[in-house]
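Before any comments, here is the structure.
The values are calculated or read from the model by the stated rules, or taken from the named source; none is laboratory data. Keep in mind that what you see is a predicted model, and the values were worked out from it rather than measured. Cβ atoms come from the backbone with ideal geometry, glycine included; neighbour counts cover every protein chain shown. We work out accessible area using only protein heavy atoms, side chains counted, and drop any ligands, DNA or RNA first. Shrake-Rupley method; radii C 1.70, N 1.55, O 1.52, S 1.80 Å.
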Amino acid sequence: RRLDLVKKKIMESEREALFRDHFRWRAKYGADCLDQHVTDARNVRWLASDVIQFMSPFSASMRLPVIQLALIAIGVYLTVYASSLTSAFCHYGASKFKSYRVRVSTVPPNSSFSITLLQKGCRTATSPVFSCLACNGSFSATVYSSPLALEMDGFEFAGEGPLVQSEGSVIIEGTNTNDTGWTVVGSSNYRRVGEGVRFFEAPGPLASNMRFDFRYPWPLLAEAAISNFIFSLGCVCIASCGIAQHFVKIDVSTLAKMFFIFFCLLKAMNSIICASGYIVLGLIYQSFSPWCDAFAFGYLSLSLTSFETYFFDYLFQVGVFLLFTSSVENCTLFGDCEYMADNWPWMPTVFIVVSWIFLGKRKYFLKRTIRSVRDDRAHYDGRWNRLLAENVHTSSDFDRVKQLATNIQASTSKKTARQLHRKRNEVKRTVLSAAGSAIKSFLWSFHSSLSLDQFLNKNRNSIEFDYNAYQPCVPDTRSPVTRLDQLYSQASGVAFSLHRKCNEWADACRGSLTMTTVNAERCVVDRHANPVLWTWISQGFVKSPVRAVEKVISCYNGDVSLLLDVCRARIVFDRVSDIADCMELMRSQRNEIKMVRVKNSLLEREASWINAGFRAVVLNVCIHNEETIDLGVENHVCEIQLVLRSLSYVEVIFIL
């Protein structure tokens, strides 16, 4: 109905033919052939795309069967390990022997002390007061000896005299035999780890009353056991997303990314709780590692949310950071390098090794890509150097283009440019009214003797669009275009307006247009050299569906809304100053032309490897006029390339 209103404005026969040609590929029923091509191509070519592995390394790696099997194996191992730690916590720090003795490293003369063994915080056995009037060295004495074994998980030390003003170590040893096979079961210098309590003989300051409790604090249980359960569940969930791609048609890459971010944040939150608990209990040194873990995993989740392209760079940084903090904690804070050697931190090591492998693969991909475009780059660089040697284009012209591009970029949105729908007016609708409408429609399908599929297809083809429910020229950032057929419909509608604007800009700024011949050869049409051909040139070419499907899969991870060059045009100029004039003219028409993004590679000292030697000013714009608003395509983003003629010669075959 709306197209009939616009039909009066499309009177030329070539426009009607072009309009019908662009809509020729549309499917008759609800399912769309282009979207099916995207799905099929994504399943077949996804892993074969080097660009996807470069731009979306996390999504690409999660689809590899090797990574999926490794994640499942790690998840199973962590589950078993966390279960063993949880069961071991029932007897954490406890020992059971028939005989206990105390050993003090340094006892000055005229000193006395006593030892009381503890069981679950309660006193069980107290030794007599050991007096040492003439001692001047180590001292050893029996604390408890009985045929019945006694369980202890701590001790109290009460000293008097010069002993409490010196430094030393108090060691508790236990045995089940007579004076042989003594095992260290307690010390005044100790450390709690996930596997148990580690005792050291290093001396420390002694006080008159000291209590040493070897039972685990609750933050240690959360740090050791719950943290491993979080890792195991995260590995299994992420691997399941990759396996589900073979059975369920869902966006597994996005789901796996969401799981990864969720479990990283869960791990960071768990670490913050553990660190806070250690500080409350007065265990300051123990809180160092949880604080570092919270920072590392919060940083990792934030990096994947914002910049997936550099995911493995961030993963490598996190691995190095965690390995460094582990060495600082073990060797500096606790002086226990042996524990780090016996229990090497495997998680930072895995992060470093995996990220190093993928970074090496990315470096190889970049080198191979640069080699593949070496000839094109040399051709473009030769043209560019000859262009600069002509002294026709001054530095002020390049600076002017650069300043205009900077000003245009400053006026655009900082968010990623996308193809967006119109913003819908806020309509307050209750849940009951929506449910009533759905039930009414469902019952009507049976009343009309139609099957459910027939009913859905009937409504899909006879739906009437309410134009008053949407706001023209207002894109909805929360509603990107998700279907390729809709994108082509918009491109076909906006191509006519782009054709007229490009003719206007090229005519005003001494430019030429490009067209494609019957033999699919690209050529440049000069207005003054061929005014007849200029009058019916079909500018505003629409990208071929085959190339669009390939680009969506290879470059944009299946995200159709990032495809901004379905409707595109190229204007060729002789001078850089003409390009600057065209940019100023486009910028002056801001009521009709909305700038979305600008890319300026037309710089005098531009690194040629970035664009394989090709240099141009690429503008992404939306056209807001009466025709595009009537068609509902005013938010469709088009691409306009402003190219120098000497560089355009490399691509085109001939000039008309």
Practice item. Tell me which residues, restricted to the stretch 294-325, are open to solvent by 20 Å² or more (accessible area, probe 1.4 Å), free of Cβ contacts under 8 Å to residues at least 40 places away in the same chain and within 20 Å of the chain's Cα centre (by Cα). Key: 295, 298, 299, 302, 306, 307, 310, 314, 317, 320, 321
Point to revise | First in the stretch 83-101 and under 16 Å from residue 120 (Cα atoms), second anywhere and open to solvent by 60 Å² or more (accessible area, probe 1.4 Å), Cβ under 6 Å, 6 or more apart | key: 89/216; 92/216; 93/215; 97/176
Check your understanding: Just wondering, is there one or more residues in the stretch 135-151 that are under 56 Å from the mean Cα position of the chain (by Cα) and either in contact (Cβ under 8 Å) with a residue 24 or more places away in the chain or closer than 27 Å to residue 217 by Cα (or both)?
Key -> yes
Check your understanding: Yes or no: residue 413 at pLDDT below 55 and either on the phi < 0 side of the Ramachandran plot or open to solvent by 100 Å² or more (accessible area, probe 1.4 Å) (or both)?
Key -> no
Point to revise | Qualifying positions in the stretch 360-398 - β-branched (Val, Ile, Thr) and under 15 Å from residue 574 (Cβ atoms) | key: 392, 394
Exercise for review: Kindly state which strands (runs of 3 or more DSSP E) lie completely within the stretch 65-164 and contain at least 1 residues that are in contact with a helix residue (DSSP H, G or I) (Cβ under 9 Å, 6 or more places away or on another chain).
Suggested key: 95-107, 111-119, 130-132, 137-152
Point to revise | Test for residue 207: is it assigned to a loop (DSSP other than H, G, I, E, B), touching a residue at least 60 places away in the same chain (Cβ under 8 Å) and surrounded by fewer than 20 Cβ atoms within 10 Å (Cβ to Cβ) | key: no
**Study point:** Answer residue from the stretch 349-378, given it is surrounded by 13 or more Cβ atoms within 10 Å (Cβ to Cβ), of a type in the set (Val, Ile, Thr) and in contact with a Phe, Trp or Tyr (Cβ under 8 Å, 6 or more places away or on another chain) and is nearest to residue 611 (Cα to Cα) among those
**Key:** 354
Review point. Taking the condition open to solvent by 20 Å² or more (accessible area, probe 1.4 Å), modelled with pLDDT under 90 and not charged (D, E, K, R), does residue 282 pass?
Key: yes
Check your understanding: Looking at (1) open to solvent by 20 Å² or more (accessible area, probe 1.4 Å); (2) out of contact with any strand residue (DSSP E or B) (no Cβ under 7 Å at 6 or more places or on another chain), which is the one condition that is false for residue 222?
Key -> (1)
Practice item. Please indicate, with yes or no, whether at least one residue in the stretch 173-180 is of a type in the set (Ser, Thr, Tyr) and either crowded, with 18+ Cβ neighbours inside 10 Å or in contact with a Ser or Thr (Cβ under 9 Å, 6 or more places away or on another chain) (or both). Key: yes
**Study point:** Qualifying positions in the stretch 181-191 - within 46 Å of the chain's Cα centre (by Cα) and open to solvent by 30 Å² or more (accessible area, probe 1.4 Å)
**Key:** 189, 190
Check your understanding: Which residue pairs have Cβ atoms closer than 8 Å, lie 6 or more positions apart in sequence or on different chains, and pair a first residue in the stretch 220-232 that is at negative phi with a second residue that is of a type in the set (Val, Ile, Thr) and surrounded by 18 or more Cβ atoms within 10 Å (Cβ to Cβ)?
Key -> 231/74; 232/74
Revision key, fill the gap. In the stretch 379-394, anything in a helix (DSSP H, G or I) and either open to solvent by less than 50 Å² (accessible area, probe 1.4 Å) or over 10 Å from residue 612 (Cβ atoms) (or both) is listed as 380, 381, 382, 383, 384, 385, 386, 387, 388, 389
Review point. Given the structure, is residue 485 outside any strand (DSSP E or B) and modelled with pLDDT of 85 or more?
Key: no
Revision key, fill the gap. Given (1) basic (Lys, Arg); (2) open to solvent by 20 Å² or more (accessible area, probe 1.4 Å); (3) part of a helix (DSSP H, G or I), residue 198 misses just (3)
Practice item. Could you figure out which of (1) surrounded by fewer than 19 Cβ atoms within 10 Å (Cβ to Cβ); (2) assigned to a helix (DSSP H, G or I) isn't true of residue 335? Key: (2)
Check your understanding: List the pairs whose first member sits in the stretch 558-570 and is at positive phi, whose second member is assigned to a helix (DSSP H, G or I) and open to solvent by 10 Å² or more (accessible area, probe 1.4 Å), and whose Cβ atoms are under 7 Å apart, counting only residues at least 6 apart or on separate chains?
Key -> 558/38; 558/42
Revision key, fill the gap. For the stretch 545-569 the number of residues that are open to solvent by less than 20 Å² (accessible area, probe 1.4 Å) and basic (Lys, Arg) is 0
